[in-house]
Amino acid sequence: MVSVLFKCLVNGESHDTLSIGDRGLHYGDGLFETMAVVDGAIPFWPRHLERLRQGCVRLGIDGLAQDGVLADEMAQVCAGQERAVAKLVVSRGTGGRGYRPPPPHGLPTRIMILSPWPDHVSRLHNEGATLRYCDNLLSRNPALAGIKHLNRLEQVLARQEWGSDFDEGLMCDDRGLVIEGTMSNLFAVSQGAIMTPDLSQCGVAGIVRNWVMEQAQSMGVGWEIGAVDRHRLSCTDEIFITNSIIGVVPVRRLADRDYPIGTTTIKLIDQFPY
């Protein structure tokens, strides 16, 4: 397999320029999916595509290319890659000034980008992750909760809070509830049962998050979606984080407490498909 440092398609064409009138640039008016490429394919492609389609419905973005077109273009981007990261960005497309979207006769902009596989993933799998709590908060907005929209300024500000001394930061809402990491979903295990924060008000409903809950059900493991605060996390038995690139990663330390790599986390790691 060959490996490239960077590859990009914009609306199916091989170039890396974008109209200055694109609403994704001006307003963050769009969505994105970040995906693992394994042996030239995306293992969770149907799940990513479904979430993208659902996000387009939520934002009222019409006219996205058919599934077959997107799949063919993504296959072109991923061809020959043993391990890489693919990103699919969809904006509402170009439009004039003002927040009001243009009439629905325009087509969305689709951008597909291939990047190298990050070096830190293997270290996280071998050593586990060290986490901190972020000072910057997540805003509650049910209209945007769950979807992976382009406005990531809250995460950008949170990620500025530390350098290389932590692997991830946990973000809370204004009620003090822990919602997610800056780039990951959060799980805790207590007495063998899995709990993960409620994302009905804010946060991203991750692809691997959904996979974990499906696996828990098939394993006969109890699971709960609900309110998670710092005290609850300090009393839990094991913690792990997930996203489509790192998979399932155990948390070795959060704030001032060390956590063991528990049996539930290990089972999920062993069952993860890549």
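The values are calculated or read from the model by the stated rules, or taken from the named source; none is laboratory data. On a predicted model such as this, the values are computed, not experimentally measured, just so you know. Every residue, glycine among them, receives a Cβ derived from its backbone with ideal geometry; neighbour counts consider all protein chains shown.
Taking segment 92-110 as the search range and keeping residues that are small (Gly, Ala, Ser) and modelled with pLDDT of 90 or more, which one is farthest from Leu49 (Cα to Cα)?
Taking segment 92-110 and keeping what is small (Gly, Ala, Ser), we get 93, 95-96, 98, 106.
Next, only the ones that are modelled with pLDDT of 90 or more stay: 93, 98.
Numbers: Gly93: 19, Gly98: 29 Å.
That would be Gly98.
What are the pairs, 6+ residues apart or on separate chains, where a residue within segment 134-161 that is in the same structural domain as Leu199 (by TED's automatic domain parsing) and at positive phi has its Cβ under 6 Å from a residue that is small (Gly, Ala, Ser) and surrounded by 13 or more Cβ atoms within 10 Å (Cβ to Cβ)?
Taking only residues 6 or more apart or on different chains, the pairs are Gly146/Ala205.
In segment 65-82, what count of residues is obtained for those that are crowded, with 18+ Cβ neighbours inside 10 Å and either assigned to a loop (DSSP other than H, G, I, E, B) or not assigned by TED's automatic domain parsing to the domain that holds Arg47 (or both)? Show your work before the answer.
Start the filter on segment 65-82 by keeping residues that are crowded, with 18+ Cβ neighbours inside 10 Å, which leaves 70, 73-74, 77-78, 81.
From what is left, the residues that are either assigned to a loop (DSSP other than H, G, I, E, B) or not assigned by TED's automatic domain parsing to the domain that holds Arg47 (or both) are 81.
Qualifying residue count for the region: 1.
Out of Ile207, Ile194, which single residue is of a type in the set (Val, Ile, Thr), out of contact with any Cys (no Cβ under 7 Å at 6 or more places or on another chain) and under 19 Å from Arg47 (Cα atoms)?
Ile207
Of the residues that sit in segment 83-142 and are assigned to a helix (DSSP H, G or I) and of a type in the set (D, E, K, R), which one is nearest to Gly60 (Cα to Cα)? Walk me through how you get there before you give the answer.
Quick first cut of segment 83-142, residues assigned to a helix (DSSP H, G or I) only: 120-127.
Next, from what is left, pick out any that are of a type in the set (D, E, K, R): 123, 127.
Details: Arg123: 40, Glu127: 42 Å.
Only one residue fits best here, namely Arg123.
For segment 217-228, which residues satisfy the criterion of being closer than 23 Å to Ile147 by Cβ and crowded, with 17+ Cβ neighbours inside 10 Å?
First, pick out the residues of segment 217-228 that are closer than 23 Å to Ile147 by Cβ: 223-228.
Passing the criteria: Trp223, Val228.
Quick one: would you say Pro118 is touching a residue at least 40 places away in the same chain (Cβ under 8 Å) and touching a strand residue (DSSP E or B) at 6+ places or on another chain (Cβ under 8 Å)? Explain how you work it out, then say what you get.
Working: touching a residue at least 40 places away in the same chain (Cβ under 8 Å): yes; touching a strand residue (DSSP E or B) at 6+ places or on another chain (Cβ under 8 Å): yes.
Here the answer is yes, as Pro118 does meet what is asked.
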